[in-house]
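Accompanying notes for the structure given below.
The values are calculated or read from the model by the stated rules, or taken from the named source; none is laboratory data. Worth saying up front: this structure is predicted, and the values here are computed from it rather than measured. Cβ placement follows ideal geometry from the backbone for every residue including glycine, while neighbour counts extend to all protein chains displayed.
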Amino acid sequence: METCVGDEIRVKVILIDDTGRIKLSRKQALREQVVRGGPDAIDIALADKIASLRHALTTDTPLAKRKVAHYGMTVAMSADARHPDLARQAEALLAAYSAGRDGSAPVG
């Protein structure tokens, strides 16, 4: 999907510094929208993260640190998932991915 001038994009203000600069987060707004969507929306978000992490692990594809952080925050907000095992699976895959990236265990 391409964003064009005039498009509305949901963001959340996450910080206003001493100089008045504003830090926005599109991902935080998305996570909050998922939680408001209820257990089924949380399950879908978790399933998406599981698929992405499995792909990264099996193909040795690097993920951006900010993406891995977003995945972790998605798992952290998943207490109301309809299928709690999805959160456990995503958490285990995140741990495996992180272990492989810091050299303590092989990736894949």
**Q.** Hits in region 54-66 (condition: part of a helix (DSSP H, G or I) and not charged (D, E, K, R))
**A.** H55, A56, L57, T58, T59
Q: Would you check which residues across region 35-44 are of a type outside the set (V, I, T) and in contact with a Lys or Arg (Cβ under 8 Å, 6 or more places away or on another chain) and list them?
A: P39, D40, D43
Q. Within the group D60, D85, which residue is farther than 29 Å from D7 by Cα, at pLDDT 95 or above, loosely packed, with under 12 Cβ neighbours inside 10 Å and over 15 Å from the mean Cα position of the chain (by Cα)?
A. D85
Q) Which condition number in (1) surrounded by 14 or more Cβ atoms within 10 Å (Cβ to Cβ); (2) touching a Gly at 6+ places or on another chain (Cβ under 8 Å) is the one that L93 fails? A) (2)
Q. Could we say that G108 is modelled with pLDDT under 95, outside any loop (DSSP other than H, G, I, E, B) and surrounded by fewer than 17 Cβ atoms within 10 Å (Cβ to Cβ) here?
A. no
Q. How many of the residues making up region 1-35 are over 22 Å from A47 (Cβ atoms) and either of a type outside the set (V, I, T) or part of a loop (DSSP other than H, G, I, E, B) (or both)?
A. 19
Q) If you scan region 45-57, which residues turn out to be free of Cβ contacts under 8 Å to residues at least 12 places away in the same chain and surrounded by 13 or more Cβ atoms within 10 Å (Cβ to Cβ)? A) D48
Q.
Which residue is nearest to D48 (Cα to Cα), if the candidates are limited to region 67-82 and must be under 12 Å from the mean Cα position of the chain (by Cα) and outside any helix (DSSP H, G or I)?
A. S78
